[in-house]
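The values are calculated or read from the model by the stated rules, or taken from the named source; none is laboratory data. As the structure is a prediction and not an experimental result, all values here were calculated from the model. Cβ placement follows ideal geometry from the backbone for every residue including glycine, while neighbour counts extend to all protein chains displayed.
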Amino acid sequence: MLYAGVLGLELGLIYDFFRIIRRVWKCNLFVTACMDLIFWIFTAGRTFYIMHTQSNGTLRWFAILGVLTILFLYMKWFSTYVVKIGVFVLSHVKSVMDWLKKFLTKVLKMSIIKLGKHSRKGDMHGKKSGISDEISQ
C-alpha cells in the first residue's frame, strides 16, 4: 500500500510538471498531445512495474484504490500551490534565459560586425598596394 501511495504522489507531481510547462510555454496541440502520451505511457509502465514487483504480477484492487486516493488528495490539497510556485519559478528562469539570449546575441552581432569591418579594411588601410607600385614604375 505504501508503494501505491508513493505512485499516486509521483503521478500527481509529474502531471503538475507538465501543467507548469504548458502554462509557461504556450504549447501547440501536437506538443500537448505528445506530453499527454508520455504521461500515460509512464503511468501505465510505472503501475505495471509496481504491480509486478510488489504483488508478483497480481492486480490488487486495494493498490489501485490507494494510488487513486493519494492522487485525489494530492490534487485536492497541494496541486494548486505546486503549480503556482512552479509557474512563478519557471517563468522567472525563462525570463532570465531570454534576457541572456538577447544579450549574447547582441554581443555576437557586434563582434561579427567589427570583424567584418576590420577584414575589409585589412592591413593595407592608407597604404599603396605592392601591385600598384609595380604598375606605376
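Residues of the range 28-48 being in contact with a helix residue (DSSP H, G or I) (Cβ under 7 Å, 6 or more places away or on another chain) and either within 30 Å of Ser95 (Cβ to Cβ) or of a type outside the set (Ser, Thr, Tyr) (or both), which ones?
Those that are in contact with a helix residue (DSSP H, G or I) (Cβ under 7 Å, 6 or more places away or on another chain) and either within 30 Å of Ser95 (Cβ to Cβ) or of a type outside the set (Ser, Thr, Tyr) (or both): Thr32, Met35, Phe39, Phe42, Arg46.
On the given criteria, is Lys84 exposed (fewer than 12 other Cβ atoms within 10 Å of the Cβ), of a type in the set (D, E, K, R) and either assigned to a helix (DSSP H, G or I) or without any contact (Cβ under 8 Å) to a residue 12 or more places away in the chain (or both)?
no
If a residue must be in a loop (DSSP other than H, G, I, E, B) and surrounded by 15 or more Cβ atoms within 10 Å (Cβ to Cβ), how many such residues does the range 11-34 contain?
Looking only at that region, the number is 1.
Determine which member of the set Val89, Val107, Val93 is assigned to a helix (DSSP H, G or I), surrounded by 12 or more Cβ atoms within 10 Å (Cβ to Cβ) and free of Cβ contacts under 8 Å to residues at least 24 places away in the same chain.
Result: Val89 is the single residue among Val89, Val107, Val93 that is assigned to a helix (DSSP H, G or I), surrounded by 12 or more Cβ atoms within 10 Å (Cβ to Cβ) and free of Cβ contacts under 8 Å to residues at least 24 places away in the same chain.
Surrounded by 12 or more Cβ atoms within 10 Å (Cβ to Cβ) and at pLDDT below 90, is that true of Ser129?
In short, no.
Out of the range 100-122, which residues are of a type outside the set (A, V, I, L, M, F, W, C) and at pLDDT 70 or above?
Within the range 100-122, Lys101, Lys102, Thr105, Lys106, Lys109, Ser111, Lys114 meet the criteria.
Looking at Leu7, Leu37, Leu100, can you tell me which residue is part of a helix (DSSP H, G or I) and surrounded by 11 or more Cβ atoms within 10 Å (Cβ to Cβ)?
Leu7
Of the residues that sit in the range 51-79 and are surrounded by 11 or more Cβ atoms within 10 Å (Cβ to Cβ) and of a type in the set (Ser, Thr, Tyr), which one is farthest from Gly8 (Cα to Cα)?
Ser55
Residue-wise test of (1) polar (S, T, N, Q); (2) touching a helix residue (DSSP H, G or I) at 6+ places or on another chain (Cβ under 7 Å).
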| residue | (1), (2) |
| --- | --- |
| Ile50 | no, yes |
| Gln54 | yes, yes |
| Phe62 | no, no |
| Ile70 | no, yes |
| Tyr74 | no, yes |
| Trp77 | no, no |
| Tyr81 | no, no |
| Gly86 | no, yes |
| Leu90 | no, yes |
